[in-house]
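Notes to accompany the following structure.
The values are calculated or read from the model by the stated rules, or taken from the named source; none is laboratory data. Keep in mind that this is a model prediction, so the values were computed, not measured. When we count neighbours, we look across all protein chains shown, and the Cβ atoms used for this are built from the backbone with ideal geometry, even at glycine. For accessibility, only protein heavy atoms count, side chains too; no ligands or nucleic acids. Shrake-Rupley method; radii C 1.70, N 1.55, O 1.52, S 1.80 Å.
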Amino acid sequence: MLGALADDFTGATDLAMALVARGFRTVVSIGVPSHERLTVLPEQADAVVIALKTRTIEPSAAVAASRTALRALRRMGATRIYDKYCSTFDSTPAGNIGPILDALASDLGTSLTVVVPSFPAAGRTVVDGQLYVHGTPLGESPMRHHPLTPMTDSDVPRLLAAQSTASVVQVGLGTVRSGGLREALESLRSESLRSESLRSESLRRGDEVVAVVVDAQSEDDLVTIAAATADLPLITGGSGLALGLSGPGAPPVRLSAHGGPKAVLAGSASAATRGQIAHAQALMPHRRLDIAALRADFEGAVAGLRTWAVREWQQDSEKPVLVYAVGELSDVQPAAAGEVPASDLVEQALSRLASEFADAGCRQMIVAGGETSGAVVSALNVRELVIGQPVAAGVTWAQGDSRGRVMNLLLKSGNFGDEDLMSGAWTVLS
Ligand SMILES: Nc1ncnc2c1ncn2[C@@H]1O[C@H](COP(=O)(O)OP(=O)(O)O)[C@@H](O)[C@H]1O
Ligand SMILES: O=C(O)[C@@H](O)C(=O)COP(=O)(O)O
């Protein structure tokens, strides 16, 4: 069995959909499952993805949660581990990609792993160690404005070296495309860090662990990397690396649409989400969260939004309602000393609304944003997700049980999806 841990919930569904597409019977567990809690027993699954919310929490807490997840995956029989993080390497110099990688490598007793954020289907590529987003270097892309993990550098080895105790090495496209990757990894494994076949040198010689940042510009490159790393106990990256894995060929699951109210809850400030909100505003009733009102009277503000949504659903049951946090970048409020950060208020408000909407009969929701999805799915008390139909690169419908109510949930990474996703994704359910 393949065991995976993802540092946010959208990342978990992104990876799970890639695994399903590659023929893995895949279960997504929200948080670390107790054995009894998985309705699909591990022996009936080819892959288990544990969705964690570790991307932006304290590094020590992220490491502890990841170690617990690793132990659970191994208990379930996982023989290989896939550490999924963001294809835009969302992290800070304190972590959490590096500390988690270090801890997993140490617990697995492995001295070598690969670092592969590339996801060409979503426009993420790595060339000479530089991460590009649709051709723009990461540090110049809209990711530099992320409220929690602003990415202002594009150099993956440098980003990783700042937060990891591993020796960070970069392997270029030439090595990948010439078929020399396995040999290069072998020579690194035997600690010949000066291998002739590598075009760059180790950034840092720390512990015995070597983290190899591998370039990938195309899906063929990812297939090559997956093949060359098939015997590594630990692989790390975005979901793109899963393209090169293959399961036993299980058929995909088709989810049916539920009748009744639909909602879109968007806590993401990312450029793609802002474009989708602008598009959706013309098509569906919408409200922007008022941070000041939430700060002054949280309960009252949430109750007002619930009343508004129910009224809209009564007027037109076909139209989803949209509640969003950020229309323009200027809506983002930096955290200020002495007050609850706006990001917390947004996550709390959207999670409460998700619960209130579910109580009001809403069984289909699109949630935009990884942190936001983590908050919403936790509030709904969903423990496990079944992956359904794909909607866009890295975006899929999933189904989960929320306190006895079966819900269709689309957890969308802030940066993924076409402009019409918030209005168009519903038609994929049949
Ligand atoms: N107006 C705002 N001011 C500050 N932070 C905000 C605001 N609106 C949303 N946020 C926060 O920004 C973060 C966006 O992260 P996330 O949900 O992961 O989206 P993405 O997928 O785009 O990264 C969330 O924690 C959210 O609460
Ligand atoms: O790998 C990716 O880009 C996504 O799966 C992901 O993790 C995106 O994070 P969010 O934008 O915070 O959802």
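Computed about the Cα centre, the dipole magnitude for the chain is approximately 800 debye when only Lys and Arg (+1) and Asp and Glu (-1) carry charge, each at its Cβ. Karplus-based coupling profile of the stretch 394-402, in residue order and whole Hz: x, 10, 8, 6, 9, 10, x, 9, 10, with θ = phi - 60° in 6.51 cos²θ - 1.76 cosθ + 1.60 and x standing for Gly or Pro.
The chymotrypsin sites (Phe, Trp or Tyr not before Pro) of the stretch 20-128 include none that meets both conditions, a loop assignment by DSSP and at most 12 other Cβ atoms within 10 Å of the site Cβ. Among the protein heavy atoms, those of Ile97 account for about 10 Å² of accessible surface (1.4 Å probe, every chain in place). Solvent-accessible area of Thr79, all protein chains in place: 110 Å² (probe radius 1.4 Å, heavy atoms, ligands and nucleic acids excluded).
Charge dipole of the stretch 262-428 (Cα centre as origin; +1 on each Lys and Arg Cβ, -1 on each Asp and Glu Cβ, all else neutral): 340 debye, rounded to the nearest 20.
Counting only DSSP beta bridges with both residues in the stretch 262-428, what percent are antiparallel, rounded to the nearest 5? Each step should come with its number before you reach the end.
Details: 10 of 27 bridges.
If we restrict to bridges inside the stretch 262-428, about 35 percent are antiparallel.
Taken over the chain, lysine pairs spaced eight or more positions apart, or on distinct chains, with alpha carbons under 16 Å apart number 5. Please report the spacing between the Cα centers of the stretch 333-357 and the stretch 51-109 in Å, no decimals. Computed from Cα coordinates, the inter-centre distance equals 25 Å.
Of the peptides 346-354, 244-252, 101-109, the ranking by mean beta-carbon count within 10 Å, highest at the top, reads 346-354, 101-109, 244-252. Calculated mean residue ellipticity, 222 nm, the chain: -9500 deg cm²/dmol, from DSSP H runs (n ≥ 4) at -39500 (n - 2.57) each, averaged per residue and rounded to 500. Computed with a 1.4 Å probe over protein heavy atoms only, the accessible surface of the stretch 262-428 comes to 38 Å² per residue. Here the accessible area of the chain is 50 percent carbon and sulfur, with a 1.4 angstrom probe and all protein chains present. The base-10 log of I(q)/I(0) for the chain, evaluated at q = 0.14 Å⁻¹, reads -1.25 [Debye formula, identical scatterers on Cα atoms, solvent excluded]. Under the definition of Cα pairs under 8 Å and six or more residues apart, what whole-number percent is the relative contact order of the chain? It rounds to 19 percent for the chain.
Debye-formula intensities of the stretch 2-244, expressed as log10 I(q)/I(0) at q = 0.18 Å⁻¹, are -1.44 (one equal scatterer per alpha-carbon, no solvent). Ranking Ser29, Gly237, Pro117 by Cα position along the charge dipole of the stretch 2-244, where only Lys, Arg, Asp and Glu carry charges on their C-beta atoms, puts Ser29 farthest toward the positive end. Applying the Karplus relation 6.51 cos²θ - 1.76 cosθ + 1.60 with θ = phi - 60° to the stretch 135-144 yields 3J(HN,Hα) values of x, 9, x, 3, x, 9, 7, x, 4, 5 Hz, where x marks Gly and Pro.
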